[in-house]
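Please treat every number below as a calculation from the coordinates, not as lab data. These numbers come from a predicted model, not from an experiment. Note that we place each Cβ from the backbone using ideal geometry, even for glycine, and neighbour counts take in every protein chain shown.
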Amino acid sequence: MSRLKFFLLTLFVSLFLSSVNGDYYSAISDLERLLDVEAFIVEKFDEYLERAQQEQQEIKKFLDQVEELQKNRGDLEEYFGNPVNAFTTIRRMVHDWKFNVFDPILESTNFETYKKSLSESTDKIKFKGPTEEDLKGATRGLLRLQNIYQLPTAQLADGFLPGEKNPLNATLSASDCLEIGKNLCELKEYTYGSEWLLEARMRLHGEPEDFLSPNVTDFEILEHLSPAFKGMGNLKLAHKLNSEILDKVPSHEEALKNRIFYETQLARERNKKPTKPVIVPQKSEKELKESFQLYKQVCRGDLSPSPRKQRKLRCYLSHQNVSYHRLSPFKIEQLNLDPYVTYIHDVISNSEMEQIMEYGKGRMKRSRVGQSMNATTTEIRTSQNTWLWYEANPWLSKIKQRLEDITGLSTESAEALQLVNYGIGGQYEPHFDFMESTSDWKGNRLLTALFYLNDVPLGGATAFPFLHLAVPPVKGSLLVWYNLHRSLHKDYRTKHAGCPVLQGSKWICNEWFHEGGQEFNRPCGLTSDEGKFKEFEEK
């Protein structure tokens, strides 16, 4: 192994394989650092290669000199009859070759110096490289985008998103498509997996060799493509592709086993009666839920509130009975009346949004689902978040007061602000904001107030499946809705979700107002709403 290859391998192991799970795929906030670190590594390698090139030039010069001496040696007896020639020849073999060739090639001081420099620099910024789990997480993100927004594989591989061109010329190579296909097949997503593997094969045959992945072969793609069609139940095509593998490598052990299996199964099928039932792919429990099907339709824009339902909605200016805001009223856009969902536009300044997002960078951790000690990370919610406590951040006092002015509620029992960032295909599947049970004076989550801190080019809407409502992120706006009925019983119609981010990054900031302390701000209703719209709980 050459010294450069050894250097690359050792550096990769030390920087990346030793890393903990960075969850780079779950948020955009940390991905920016990867480009900075990558640029730094390029700079260090340039320095290393420049030094290595100088060494190579010195070695070449020495080799040319030796070659010239070999040409001019003439009669060996006469040549070595000169004691100077005898001495210099021995000296070259004892010292010159060692110091001019073998030591520069085998001596590792230069390598160790650059390895140490890189390691110290990445340790200083606490950099942990992405892992295999990050790569698989990114694949799952792409799968969500394809599934929710029904994106053709070839179109996505070419970097074209709905309604968008490809200004960055970002396309996927054959090796990229192969990696996605392999990962999807591991997830038993054989339909999409086979599409990506076929795309890899087409790109391998139709495009110049990719300098970033020159080792991808048609044979490697076939090794994954045949089992993919087997997983889909298409044994004829799986058998055909398996035969192609054996044509290339007749002794392929796995393919030989598969040939026996395919021939046996296909023979059985030929002997069966033609009235074979159609095999329908089994859907998961989640996919069978009405709310999940509605969620996908709402995110795609296939469902929206009817004109009849929208005709009573209006936009207006309101001071919310706060004297200060008589001069600067809030811009309110009603989105749904029952349950009440509304947009308040231009309620947070650019400087405040930037300060909140800047605070979050470096503090974000993978978002969890569930209450307190039972909370876990899951693909139901792919994002990162952190918390901003009012007491520890006095600069939030104006935002806190503004939230009270808008909602008419007290923050006495409210939670800390939650800052959230969504990454590749980042989403939050349908869920309720209210808690299953509460045990302290604060009570349940009465109202959700959600700030949008940036514009999202494509995707990322907040979807209310049962309301057929998708609220697009609008920078500087606040989305507000009640999670409980007037009698403080759970309103199951408020199930909502964060649609996958199709392009860009999504930053939001949540505040949850609780029941406690709101007795005079929003008095309870006089009749009980317990069990009202209960049928939506399990949908």
What's the extension gain from residue 393 to residue 261 if we count 0.36 nm per residue and subtract their Cα-Cα distance?
40.9 nm
Violations at 26 Å Cα threshold for listed pairs 188/272; 365/534; 361/400; 188/506; 289/365 -> 188/272; 365/534; 188/506; 289/365
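Rounded to the nearest 0.05, what FRET efficiency do residue 519 and residue 310 have when you use their Cβ-Cβ distance and R0 = 41 Å? Before the final figure, lay out each step's value.
Values: r = 34 Å, r/R0 = 0.82.
Between residue 519 and residue 310 the formula returns 0.75.
Using only alpha carbon pairs under 8 Å that are at least six residues apart, calculate the relative contact order of the range 310-536 and give it in whole percent. Could the numbers behind the result be given before it?
Working: 476 pairs, mean separation 50.6, N = 227.
Answer for the range 310-536 is 22 percent.
Based on other C-beta atoms within 10 Å, arrange 217, 342 from fewest to most. If you can, show how the numbers build up before the last one.
Values: 217 13, 342 20.
Sorted ascending by nearby Cβ count, the order is 217, 342.
Enumerate by residue number the chymotrypsin sites (Phe, Trp or Tyr not before Pro) in the range 340-398 meeting two conditions: DSSP loop (anything except H, G, I, E, B), and at most 10 other Cβ atoms within 10 Å of the site's Cβ. Each step should come with its number before you reach the end.
Numbers: sites: 340, 343, 359, 387, 389, 390, 395; in loops: 340, 389, 390.
Those that pass, being in a loop and sparsely packed, are 389.
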